[in-house]
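What follows is a short report on a single structure.
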Amino acid sequence: MVQPLPPPYEFRFIDKDPYRMCMTDISIDLELNQIISAAALLDSRTSELLHGIHVYDVDLDDGWTHYDRRRAKDAYHPDVKPAVLDLLHEGTRLLLERYKPQQVVCRTEEPTPLGELPARFQETIRFLESQGYKRQFLYQDEEDRWHWECERQELP
């Protein structure tokens, strides 16, 4: 049974090539002996920013990350849902502060209706802009997935 983990949330960095990760634990499954975390990842090869829910299986001493929203939401306790996007953004802020990538590339995992950029992605774009990363382009591809890129701007 999945249990929520209450605040305060503590972030940790994990470098597992090619990913630089910043995560915080949000739920625990005592039956399956799994720790569920909100994870922001930066691919060191492409500067792609990924948000996902990381599941660490204590018995297997192995972990995996769900990027598909439906699978991710099923992994953690629903009581922590209101905090997840903010926790992903805080993990992102810590990654950007530590690694200072010149650009950040993002894309949605799942297709969306034509011309409809979901609010959570709009919030992530605004968040990146608040961190000094100006959006360079935004488009929806032939598979109905959104792509955008932000460049770091030098602050005066």
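Structure values in brief
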| item | result |
| --- | --- |
| Members of region 62-99 that are out of contact with any His (no Cβ under 9 Å at 6 or more places or on another chain), exposed (fewer than 13 other Cβ atoms within 10 Å of the Cβ) and more than 19 Å from R12 (Cβ to Cβ) | D68, R70, P78, K81, P82 |
| Residues located in region 3-24, provided they are surrounded by fewer than 19 Cβ atoms within 10 Å (Cβ to Cβ) and not in a loop (DSSP other than H, G, I, E, B) | Q3, P4, R12, F13, I14, D15, K16, Y19, R20 |
| Elements of type helices (runs of 4 or more DSSP H) contained in region 67-145, each with 1 or more residues being under 30 Å from D57 (Cβ atoms), among the small types (G, A, S) and at pLDDT below 95 | 69-75 |
| Answer residue from region 111-136, given it is touching a strand residue (DSSP E or B) at 6+ places or on another chain (Cβ under 8 Å) and small (G, A, S) and is surrounded by the most Cβ atoms within 10 Å (Cβ to Cβ) among those | G132 |
| For R152: the one exception among (1) touching a Phe, Trp or Tyr at 6+ places or on another chain (Cβ under 6 Å); (2) closer than 23 Å to R70 by Cα | (2) |
| Residue that is of a type outside the set (F, W, Y) and loosely packed, with under 14 Cβ neighbours inside 10 Å, where the choices are E149, E154 | E154 |
| Among the residues listed as T108, T92, the single one being more than 19 Å from D25 (Cβ to Cβ) and polar (S, T, N, Q) | T108 |
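The values are calculated or read from the model by the stated rules, or taken from the named source; none is laboratory data. If you're wondering where the values come from, they're calculated on a predicted model, not measured in any experiment. Positions of Cβ are backbone-derived with ideal geometry, glycine not excepted, and every protein chain shown enters the neighbour counts.
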